[in-house]
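Notes to accompany the following structure.
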Amino acid sequence: MKLRNLILPLVLFVILGANACNAEKPPIEVRAGTQGTARVPNVSITSIVDAVTIQDVRINRGNTKTPEYPKLPLTLKFGETATFAGYPPPREVEVQTNMGKWTFTFQQ
């Protein structure tokens, strides 16, 4: 009888624990690079799930003025990419999605 009482909590722990681990993995890939002959710094966000909605993007904690910003919110399907361009080069990018918020850092 006691073993039965332990099985349900153990199964729930394993299921909920696995879901919590999966929730920590971002649904996007974020890359910093340059574009065009002027080599303007940019940030590319690519969906690695079936669909994710980009709700907000903050580059360098909001201190980077970006002349080229896709209109948000923006839903990306698997493999689709949105590019955000501006100066100075990104050191930190915070992305708010419908699946959570993630911060990415880059070395110069």
note: region 27-105, Cα-Cα separations exceeding 19 Å make up a percent value of 28
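Which net charge results for the neighbourhood of PHE78, defined as the other residues with beta-carbon distances under 12 angstrom from its beta-carbon, given Lys and Arg at +1 and Asp and Glu at -1?
-2
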Listing ASP50, ASP56 by rising number of other beta-carbon atoms within 10 angstrom, fewest first, gives ASP50, ASP56
Exposure-ranked with fewest Cβ neighbours within 10 Å first, VAL49, VAL30 stand as VAL49, VAL30
Could you put THR97, THR105 in order, starting from the residue whose Cβ has the fewest other Cβ atoms within 10 Å? THR105, THR97
Residue separation times 0.36 nm, minus the C-alpha to C-alpha distance between THR53 and LYS25: what's the value? 8.5 nm
Cα-centred dipole magnitude for region 23-66, charges only on beta-carbon of K, R (+1) and D, E (-1), debye, nearest 20: 300
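Read-outs throughout are calculated quantities, based only on the coordinates presented, and are distinct from any laboratory measurement. Computed from a predicted structure; not experimentally measured. Every residue, glycine among them, receives a Cβ derived from its backbone with ideal geometry; neighbour counts consider all protein chains shown.
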